[in-house]
Amino acid sequence: MLEYTLKVAALQDLDAVYAFEAAVLPDAWSRQTLQTALQSKLQQILLLFAQTEEENALPVALLHWQSSYDFIDIFNIGVREEYRRRGLASLLLNLPAAILQHKLTAYLAAARCEIEPETLRYLENKFAAEVNWQYINLEVRSSNKSACNCYQRNGFVQIRKIAGFYRQAPFNRSTNWDYQGEAAYCLQKVLRH
């Protein structure tokens, strides 16, 4: 039985993407920045929906990336709290490898996930022939241990640490006047050697 549906976000999904980021991600993007991302040909936001949720429910997970010819930068990835520890972050983190290997449909079926036909066509047409991804990059707050562990389990390794990378506290919580920001671990996963 299929449990999830994957789709590429479009401009009409702006409200859902914005609400998801504000509720789930410690460093949510502004509505205007997300609108620009949704209009970009370089960035993709993938949404994962639970089939048991009501029609207008928030996505259960999100992956926001930018692709170049030989690498991917992940800007945001998140899973709603009540859906964590079900392998959904791993599912999203391994999508690029499945696309590269031309095994997207089989990969998603094995994960009990269907893909909207338009999304499948979009991903296959956009990436199947024109990419030679070598690696995936992302940054994560040094205090986010559960995310760090998830990335490590999925083949990411730390390549550097940047002090003060995050200028605001998670979820824009108020801080002391002397808040110096938080370090980011820069992580990378090699897709091809």
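The values are calculated or read from the model by the stated rules, or taken from the named source; none is laboratory data. Model, not experiment: these values are computed from the prediction. Cβ atoms come from the backbone with ideal geometry, glycine included; neighbour counts cover every protein chain shown. Side chains are part of the model used for accessible areas, which takes the heavy atoms of the whole protein and leaves out ligands, DNA and RNA. Shrake-Rupley method; radii C 1.70, N 1.55, O 1.52, S 1.80 Å.
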Considering each residue of segment 99-118, count those that are open to solvent by less than 80 Å² (accessible area, probe 1.4 Å) and closer than 12 Å to K7 by Cβ, and give that number. 6
Residue among L104, L92 that alone is under 29 Å from T33 (Cβ atoms) and modelled with pLDDT of 90 or more: L92
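Filter segment 119-143 down to the residues that are of a type in the set (D, E, K, R) and within 17 Å of the chain's Cα centre (by Cα), then identify the one that is modelled with the lowest pLDDT. Walk me through it before giving the result.
If we filter segment 119-143 for residues that are of a type in the set (D, E, K, R), which is where we start, we get 121, 124, 126, 130, 139, 141.
Retained after the next criterion (residues that are within 17 Å of the chain's Cα centre (by Cα)): 139, 141.
Details: E139: 94, R141: 89.
Only one residue fits best here, namely R141.
Yes/no matrix, rows are residues, columns are (1) hydrophobic (A, V, I, L, M, F, W, C); (2) open to solvent by less than 20 Å² (accessible area, probe 1.4 Å):
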| position | (1), (2) |
| --- | --- |
| A28 | yes, no |
| L38 | yes, no |
| K41 | no, no |
| T52 | no, no |
| A57 | yes, yes |
| S68 | no, no |
| S90 | no, no |
| L120 | yes, no |
| K126 | no, no |
Would you tally the residues in segment 26-74 being among the aliphatic types (A, V, I, L, M), in a strand (DSSP E or B) and more than 25 Å from L187 (Cα to Cα)? 1
Subset of segment 141-166 that is in a helix (DSSP H, G or I) and hydroxyl-bearing (S, T, Y) - its residue that is farthest from L46 (Cα to Cα): S146
Quick count over segment 84-110, residues being within 27 Å of F165 (Cβ to Cβ) and either outside any loop (DSSP other than H, G, I, E, B) or in contact with a His (Cβ under 8 Å, 6 or more places away or on another chain) (or both), is 9
Taking segment 37-47, which residues are at pLDDT 90 or above and either under 14 Å from the mean Cα position of the chain (by Cα) or hydrophobic (A, V, I, L, M, F, W, C) (or both)? A37, L38, Q43, Q44, I45, L46, L47
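Residues checked against (1) touching a Lys or Arg at 6+ places or on another chain (Cβ under 7 Å); (2) at pLDDT below 95; (3) closer than 19 Å to L92 by Cα:
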position: F20; (1), (2), (3): no, yes, yes
position: V24; (1), (2), (3): yes, yes, yes
position: R31; (1), (2), (3): no, yes, no
position: Q51; (1), (2), (3): no, yes, yes
position: E55; (1), (2), (3): no, yes, no
position: P59; (1), (2), (3): no, yes, yes
position: L63; (1), (2), (3): no, no, yes
position: Y69; (1), (2), (3): no, yes, no
position: I72; (1), (2), (3): no, yes, yes
With the structure loaded, tell me whether L138 is in contact with a Leu (Cβ under 9 Å, 6 or more places away or on another chain), assigned to a helix (DSSP H, G or I) and either more than 30 Å from G164 (Cβ to Cβ) or open to solvent by less than 60 Å² (accessible area, probe 1.4 Å) (or both) or whether it fails that test. no
Output the number of residues of segment 92-112 satisfying the condition of being in contact (Cβ under 8 Å) with a residue 40 or more places away in the chain, in contact with an Asp or Glu (Cβ under 8 Å, 6 or more places away or on another chain) and of a type outside the set (K, R). 1
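How many of the residues making up segment 1-36 are of a type in the set (G, A, S), closer than 25 Å to A147 by Cβ and over 13 Å from the mean Cα position of the chain (by Cα)?
The initial filter retains those residues of segment 1-36 that are of a type in the set (G, A, S), namely 9-10, 16, 19, 22-23, 28, 30.
Restricting the remaining residues to those that are closer than 25 Å to A147 by Cβ gives 9, 16, 19, 22-23, 28, 30.
In the following step, the residues that additionally are over 13 Å from the mean Cα position of the chain (by Cα) were identified as 16, 19, 22-23, 30.
Going through segment 1-36 one residue at a time, the tally reaches 5.
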